[in-house]
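Down below is the structure, laid out as structure tokens.
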Amino acid sequence: MQPSTSCVYRNARIIDGTGRIRQGYLAVEGACIVDVGDGDPPKSLAGRNAVDLRGRTIVPGMIDCHVHLSMDAKPKLDPPVSPQDHMLAVLRAGRNALHTLHSGVTTVRDCGTPGQVDFALRRAAQDGLCITPRLLLSGQALCMTGGHGWQFLGTEVDGPDAARRAARQQLKAGADNIKLIATGGILTQGSEIGNAELSVQEMRAAVDEAHNAGKIAAAHAHGGQGIKNAILAGVDSIEHGYFIDAEGIDMMLERGTWLVATSTPVRNVVLHGTEAGIPEAAVAKARSAIDAHVASFKAARKAGVRLAMGTDAGVPFTRHGTNLDELFYLVELGMTPMEAIQTATRDSARMLKMEHLVGTLEAGKYADFLVLDADPLEDISLLRDPEHVRQVVLNGRTVLDRDASRFLMGAAFSNIGVGAPGTPA
Ligand SMILES: [Zn+2]
């Protein structure tokens, strides 16, 4: 594999994530970007490996703030029951992480796995057994007894003390994010998406623990009341938010709460439907939500709610490696291609409190970027075709090079899976 330690990518069109577009060069030293500029690289960079990218476009590595690496996008989720199920889930997560990385996503926040599957995956990546995007992990999601997700990825908590303890347990195991279930969900039988689940007090106890530890907290929330409960509890992001009302939008603006709108999964459930084996109740719930999702997203965006990118990859028919479909939907929902790219790079990095590490192509940040053979500003949908993603560079190393038909399966990256936001391990 091409070594990274000192490399200049030149003659490239560079969309750097800040809103700027330039024709120029990008210099990498080890894992980091050391210089980006217009035109030819300065003499001080002479002598480095040069990669000519004439006709190609560099964009920052994409950030998906909501995935489930241990889940396989099957029509019906299988609840893990035996120790073997968990062991298999780690292997599955490793493969899914590779697909995600090769599609151009260089950072993910996993929003819930059974057991400690995600933490085992991070150890595997640190040991060089597999290669993954940068990982921010949640461990198990906190849900109420019988609440959304309990069979698949939840730990059931009732009362603020139990929520606090469960949050501390996830943090102890290595969580970078605490995931809370504020309402029912599409995929859990018997849970209604409009119904509130964890209470404000329960979520607040868990959010406080996350923030005290310097971590973040996210709430799965569809219905209007559950969304408000989660905002009042102090979560950093509302996930899905399909039924936000005007009051909820005002509350998000007041507190700076982010929205991770996950357009892809609701569409995929409706698109594939019961014919593909998705349970009828899930399809009906998704159908009932899709118009509200579009209206909520547009209203939130118009009002100026902060938006980050997430796909829920792993849920039925939202396959790992198709993550960049979400940018297509963001454009369909009214963003320009440039805004969609910035949402999935700079803004998502801000939401994850990693903006000093990744999200834009600037000196001092990690060299995470993609080389495309076409212009995504002209047609965002080309990102949906992985063939256009010719190279993926993570931490300064080329992890995929389609022109050379080479890719990295595993490598002991000491600083991959950046432990906590804010600490380049
Ligand atoms: Zn999810």
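The conditions of being within 16 Å of the ligand (Cβ to nearest atom) and either in contact with a Cys (Cβ under 8 Å, 6 or more places away or on another chain) or hydrophobic (A, V, I, L, M, F, W, C) (or both) are not met by V8.
I need the full set of residues from the range 88-122 which are in a loop (DSSP other than H, G, I, E, B) and away from the ligand (no atom under 16 Å from the Cβ), in order please. S103, G104, G115, Q116, listed by residue number. The residues of the range 342-382 that are under 15 Å from the mean Cα position of the chain (by Cα) and free of Cβ contacts under 8 Å to residues at least 40 places away in the same chain, listed by number, are T343, E355. Residues that are more than 14 Å from the ligand (Cβ to nearest atom), assigned to a loop (DSSP other than H, G, I, E, B) and closer than 16 Å to L333 by Cβ within the range 244-264 comprise just one, I244. For the range 309-341, what are the residues that are in contact (Cβ under 8 Å) with a residue 40 or more places away in the chain, surrounded by fewer than 24 Cβ atoms within 10 Å (Cβ to Cβ) and over 16 Å from L382 (Cα atoms)? Correct list: F317, R319, L333. Within the range 32-66, if we keep just the residues that are among the small types (G, A, S) and modelled with pLDDT of 95 or more, the residue that is farthest from L259 (Cα to Cα) turns out to be G39.
Quick check on the range 67-87. Is at least one of its residues closer than 22 Å to A261 by Cβ and either away from the ligand (no atom under 16 Å from the Cβ) or assigned to a strand (DSSP E or B) (or both)? Yes - at least one qualifying residue is present in the range 67-87. Just one of the numbered conditions (1) among the basic types (K, R); (2) closer than 29 Å to A295 by Cβ; (3) away from the ligand (no atom under 16 Å from the Cβ) is not true of K365: (2). Filter the range 166-184 down to residues that are among the aliphatic types (A, V, I, L, M) and touching a Ser or Thr at 6+ places or on another chain (Cβ under 8 Å) and give me whichever is farthest from G194 (Cα to Cα). Looking at the filtered set, the residue picked out is A175. When residues in the range 129-148 are screened for being of a type outside the set (A, V, I, L, M, F, W, C) and under 19 Å from the mean Cα position of the chain (by Cα), 6 of them pass. Scan (1) closer than 24 Å to H388 by Cα; (2) assigned by TED's automatic domain parsing to the domain that holds P386 for the single condition L45 breaks and write down its number. It is condition (1) that L45 fails. All told, I238 falls short of being assigned to a loop (DSSP other than H, G, I, E, B), among the hydrophobic types (A, V, I, L, M, F, W, C) and within 16 Å of the ligand (Cβ to nearest atom).
The rows are residues; the columns are (1) among the acidic types (D, E); (2) assigned to a strand (DSSP E or B).
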residue: Q151; (1), (2): no, no
residue: T155; (1), (2): no, yes
residue: A167; (1), (2): no, no
residue: K179; (1), (2): no, yes
residue: G190; (1), (2): no, no
residue: L198; (1), (2): no, no
residue: E202; (1), (2): yes, no
residue: A205; (1), (2): no, no
residue: E209; (1), (2): yes, no
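One residue alone among R306, R287, R267 is more than 16 Å from the ligand (Cβ to nearest atom) and either buried (at least 22 other Cβ atoms within 10 Å of the Cβ) or under 30 Å from H102 (Cα atoms) (or both), and that residue is R306.
The values are calculated or read from the model by the stated rules, or taken from the named source; none is laboratory data. Since this is a predicted model, take the numbers as computed values, not measurements. Every residue, glycine among them, receives a Cβ derived from its backbone with ideal geometry; neighbour counts consider all protein chains shown.
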